[in-house]
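What follows draws every value from the coordinates through simple rules; no lab data is involved. Treat the numbers as computed from the prediction; the structure is a model and nothing was measured. A quick note on method: Cβ atoms are made from the backbone with ideal geometry, for glycine too, and the neighbour counts reach across all protein chains shown.
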Amino acid sequence: MQYGTFDDAAREYVITRPDTPRSWSNYLGSTEYGAIITNNAGGYSFYKSAAQGRFLRVRFNNVPVDQPGRTIYLRDAESGDFWSAAWQPVGKPLDEYKSECRHGTAYTVITSEYSGIRSETTYFVPLGHAMEVWRVKLTNTGKTPRRLGAFTYVEYANNWSSVNDLVNLQYSQFIATMGVEDGIIDHGTNVHIPADPDNFENADQGRHSFLALVGAPIAGYDTDRTAFLGPYGTYAKPHILETGRCTNSLAAGDNVCGVLQAEVTLAPGETKEFVVLMGVGRAGAEGKAAAKEFGNPARVEEELAKLKAYWHGRLEGLTATTPDPAFNSMLAMWGPFNCLITYAWSRAASLIYAGERDGLGYRDTVQDMLGVMHAIPSEALKRLELMLTGQLSTGGCMPVVKQFAHRPGHESVPPDTELRSDDGMWLFLTVPAYIKESGDFAFLKKVLPYADKGEASVLGHLRRAIEFNLERCGAHGLPCGLSADWNDCIRLGAKGETVMVAFQLRFALKTYAEICALIGEAGEKAWADAALARFDPLLEASAWDGEWYLRGFGDDGIKYGSAEQKEGRIFLNTQTWAVLSGHATGARAGQAMASVEKHLATDHGVMLCTPPFVETSMKVMRAVLFVPGMKENGSIFTHTQGWAVIAETMLGHGSKAYRYYRASMPAAWNDRAETREIEPYVYCQFTNAPMSPRAGASRVPWLSGSAAWAYVAGTQYVLGIRADWQGLVVDPCIPAAWKGFSATRRFRGKTVKIDVQNPNGVEKGVKSLTLNGEVLPGNVIPADKLKDENAVVVVMG
Ligand code: IFM
């Protein structure tokens with residue numbers, strides 16, 4: 001079943017049926033002012049942090065999940081009939097009510113047609129502003145004049161701590177104070193204590209937000225939720241919509257809302273527009289200034305155009321057209337947009353991440369940067385530096401770097417048992433990704449503090465990360481798992497060993513040696529080479545199970561991910577990372593990946609492990625906590641799909657790699673959206689595996705490691721366009737049936753247009769590469785040969 005279509009030219013997803021299986025959301029704003037909006041205008045808004053800067057309430061896991069939101073109620077003054085400008089919350093019958101939602105690049109447009117009135121509401125956050133704009137256009141499509149009431153409804157969080165707002169009611173119900181100044185609503189919390197704008201995390205400060213409506217006469221307001229909804233009213237049937245007139249209630253304590261009532265008269269065929277402005281600050285100051293600035297429709301239009309240009313620019317690091325329209329839709333917008341949003345909000349704000357967590361998880365954040373490096377290398381550099389200062393002088397990493405409170409050089413060191421064995425290993429992907437993208441080798445010499453004490457060059461940080469794991473090995477000489485490796489549900493502790501991190505460590509040593517060779521650090525290279533020479537035989541001796549690689553060893557010697565076991569006999573990650581790390585090559589790599597196909601591949605992608613855990617003790621294998629086939633207990637964990645795809649491309653299997661890629665690609669499920677249930681335009685944390693009663697249903701959309709790895713796998717390994725130390729590599733690995741594809745890549749300030757031809761239907765291999773008419777050897781385009789505009793022709797064969 002299909003609920004919408006991709007409009008690639010506009011970079012929008014167009015939802016034509018509002019009754020989607022779940023609320024399908026989009027992100028507005030920036031890390032200064034964030035907002036989540038759904039296809040029915042549900043969602044919430046926050047200043048800097050969904051956890052500590054919440055001022056618009058959503059009641060998580062509500063029915064439906066996105067309410068309350070940003071509602072505009074419309075009411076016919078003659079008949080008293082009322083509806084909402086998005087299908088919900090009023091929910092008129094769909095044979096009388098038509099709607100369309102266009103989710104775009106940080107804006108959403110919702111149109112409706114009901115009873116001869118067309119509405120179009122555009123929601124966005126102007127660049128550089130801590131406020132959102134709702135531009136509302138109303139058109140009378142009928143033959144008689146109409147008198148309408150338009151009512152905004154937002155429900156405020158009483159406390160800017162989202163948890164306090166929803167849970168600590170004995171406090172938060174008694175701290176809100178509402179006011180109205182010049183027709184602008186002022187929502188105040190703790191208003192008798194001073195603001196402390198330089199100390200964002202100080203919860204004890206007075207704060208305000210405003211709500212204004214400009215462009216139509218205001219007939220009244222309500223700020224008391226009970227006055228508006230009525231004690232037994234609902235969002236679908238508010239008391240005031242039945243009476244037709246606001247009561248000008250000024251709430252103090254209890255629950256507070258923002259209702260502004262505007263009167264709009266429309267002649268047949270006439271269109272009128274007004275603008276609603278909601279943002280951070282006082283009604284009398286920031287509210288008034290916003291109303292003055294945005295009272296003019298041309299100004300609103302100009303800001304919207306600026307916003308689109310800004311985001312489209314961010315998406316243009318790479319554009320491509322392939323024979324697969326679904327892949328094209330992901331490449332045109334949703335793949336890179338998903339990466340940029342995940343990079344911005346980490347795991348802090350969605351309809352699932354409900355604002356209880358803040359801060360940047362180490363491993364997630366370092367991986368998220370991989371998906372945006374080609375688009376925003378200088379921004380990503382700042383984040384990378386922050387994360388390097390989250391590394392401890394022991395080489396381990398703070399599990400979470402608190403971006404509002406992080407104090408490099410002064411953090412206390414958590415015990416080893418709270419550290420993750422993999423955290424520092426991700427730096428060996430992201431530091432090279434930055435240098436390859438920018439050519440900035442000097443970064444390796446930049447000195448940055450450790451989180452607790454001392455400092456080192458970036459190269460020194462990398463060495464320390466390797467040493468951390470080399471110094472913490474178990475009985476087989478492999479790294480200890482500590483509180484988790486990539487898998488949060490595998491707790492191998494200070495003695496049990498992780499084969500996944502063993503492969504990552506191998507990758508780290510190889511990469512470190514490569515970097516040192518490039519910058520002439522011969523001694524360091526020799527150190528890494530020697531460690532690698534000792535490490536490979538250890539892996540060979542202990543990690544191979546016969547047909548695939550083990551997952552790890554418990555401190556009691558139990559082998560996880562072994563054919564000897566009844567549950568969790570084979571895991572995906574150690575097969576893919578054996579190949580990615582360069583440890584498994586040739587027949588051995590082929591055998592490991594053949595086992596993946598035989599035991600783990602499904603129509604939705606490759607399962608994390610099988611069979612799922614039911615009886616295994618949870619001491620180490622905490623996946624047993626989950627329903628079989630969900631999350632770490634054997635689901636199709638989307639984050640890991642990219643690694644399977646990359647491994648297959650490294651083996652030259654273009655058709656199989658793309659089969660895996662497409663299986664978990666959201667757009668490929670657009671015409672079967674009822675199976676996946678979530679947004680068909682974004683990645684998710686996992687899809688239920690066949691053994692789950694919810695097989696095929698996907699969960700935790702938007703924010704996960706999946707976005708970055710899917711983007712890296714699709715663009716850098718399927719299309720094969722990736723930055724390298726000295727230039728841009730073009731090394732496609734595609735389905736034999738593809739006759740070619742074209743792409744444009746921005747690289748170190750230059751534009752490179754690439755035309756890939758595959759006349760003989762091969763899956764991998766570059767026969768010739770021509771740059772601006774000059775035939776070059778191999779598949780690397782040297783950076784120093786690039787002009788401002790370049791034409792590259794690659795013939796596969
Ligand atoms: O790797 C983790 C990630 O850090 C958070 N979500 C789950 C993944 C697998 O456990």
Checklist entry - Relative to the first principal axis of the alpha-carbon coordinates of the chain, what is the inclination of helix 335-345, with its axis defined by its Cα atoms, in degrees from 0 to 90 and to the nearest 10? => result 80 degrees
Item to check | Degrees, to the nearest 10: 458-470 long Cα axis against longest axis of the chain | outcome: 70 degrees
Next on the checklist: Given bins 5 angstrom wide, list per bin the percent of all Cα-Cα distances in the range 624-748, short to long.
Outcome noted: 2, 11, 19, 20, 19, 14, 8, 4, 2, 1
Checklist entry - Distances over 23 Å make up what percent of all Cα-Cα pairs in the range 1-92? => result 35 percent
Item to check | Rel. contact order, % - alpha carbon contacts under 8 angstrom, at least six apart, the range 476-622 | outcome: 23 percent
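Listed highest first by mean packing, meaning other Cβ atoms within 10 Å per residue, what order do 562-574, 295-307 come in?
On the way: 562-574: 20.9, 295-307: 14.9.
My ranking of the peptides, most packed first, is 562-574, 295-307.
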Checklist entry - For a paramagnetic label modelled at 7 Å from the Cα of residue 442 toward its Cβ, which residues of the range 484-516 fall within the zone defined by backbone nitrogen distances under 15 Å? => result none
Next on the checklist: For the range 433-496, what are Rg and Dmax over the alpha carbons, in angstrom?
Outcome noted: 15.3, 41
Checklist entry - Per q in 0.12, 0.16 1/Å, what log10 I(q)/I(0) does a Debye calculation on the alpha-carbon atoms of the range 557-710 return? => result -0.48, -0.85
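Figure the gain on full extension for residue 289 and residue 789 (residue separation times 0.36 nm, minus the Cα-Cα span) and round it to one decimal in nm.
Details: separation 500, 0.36 × 500 = 180.00 nm, distance 4.39 nm.
Once the chain is fully extended between residue 289 and residue 789, it gains 175.6 nm.
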Checklist entry - How far is the Cα center of the range 1-51 from the Cα center of the range 146-189, in Å? => result 23 Å
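Quick one: plug the Kirkwood hydrodynamic radius of the range 306-414 (C-alpha pairs) into Stokes-Einstein at 25 °C, 0.890 mPa s, and report D in µm²/s.
Working: Rh = 15.6 Å.
My calculation gives 158 µm²/s for D.
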Checklist outcome for this item: Counting only DSSP beta bridges fully inside the chain, the antiparallel percentage to nearest 5 is 95 percent
Next on the checklist: Compute the angle between helix 427-438 and the longest alpha-carbon principal axis of the chain, please, reported from 0 to 90 degrees and rounded to the nearest 10.
Outcome noted: 80 degrees
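Among 22-29, 188-195, 146-153, how do they line up from the highest to the lowest mean number of other beta-carbon atoms within 10 Å?
Numbers: 22-29: 24.6, 188-195: 16.0, 146-153: 21.8.
Sorting 22-29, 188-195, 146-153 by mean packing, highest first, produces 22-29, 146-153, 188-195.
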Next on the checklist: For a protection proxy built on the mean count of beta-carbon atoms within 10 angstrom, sort 253-265, 762-774 highest first, please.
Outcome noted: 253-265, 762-774
Checklist entry - So how far, in whole Å, is the C-alpha centre of the range 348-414 from the one of the range 609-677? => result 25 Å
Checklist entry - If the label point is 7 Å along Cα→Cβ of residue 163, which residues in the range 182-196 have backbone nitrogen under 19 Å from it? => result none
Checklist entry - Expressed in nm to one decimal, what extension gain is obtained for the pair residue 243 and residue 724 from 0.36 nm per residue of sequence separation less their Cα-Cα distance? => result 166.5 nm
Checklist entry - Taking the alpha-carbon set of the chain, what are its Rg and Dmax in Å? => result 27.6, 86
Checklist entry - Going 7 Å from the Cα of residue 236 toward and past its Cβ, which residues in the range 61-85 have a backbone nitrogen under 11 Å from where you end up? => result 64
Next on the checklist: Run lengths n ≥ 4 of DSSP H only: what is the helix-derived mean residue ellipticity at 222 nm for the chain, with -39500 (n - 2.57) per run over all residues, to the nearest 500?
Outcome noted: -7500 deg cm²/dmol
Checklist entry - Is the shape of the range 712-751 rounded, prolate or oblate, going by the alpha carbon gyration tensor and its root eigenvalues a ≥ b ≥ c, with a/c under 1.5 for rounded and a/b larger than b/c for prolate? => result prolate
Checklist entry - Hey, what's the per residue convex hull volume over the C-alpha atoms of the range 519-567, in cubic angstrom? => result 113 Å³
Next on the checklist: Output needed: percent of Cα pairs per 10 Å distance bin for the range 368-413, bins running from 0 to the one holding the longest distance.
Outcome noted: 26, 47, 24, 2
Checklist entry - residue 180 to residue 386: extension gain in nm, 0.36 nm per residue of separation minus the Cα-Cα distance? => result 70.0 nm
Checklist entry - What relative contact order, as a whole-number percentage, does the chain give when Cα pairs under 8 Å and 6 or more residues apart are counted? => result 10 percent
Item to check | Along principal axes, Cα extents of the range 381-491, largest first, whole Å | outcome: 40, 29, 23
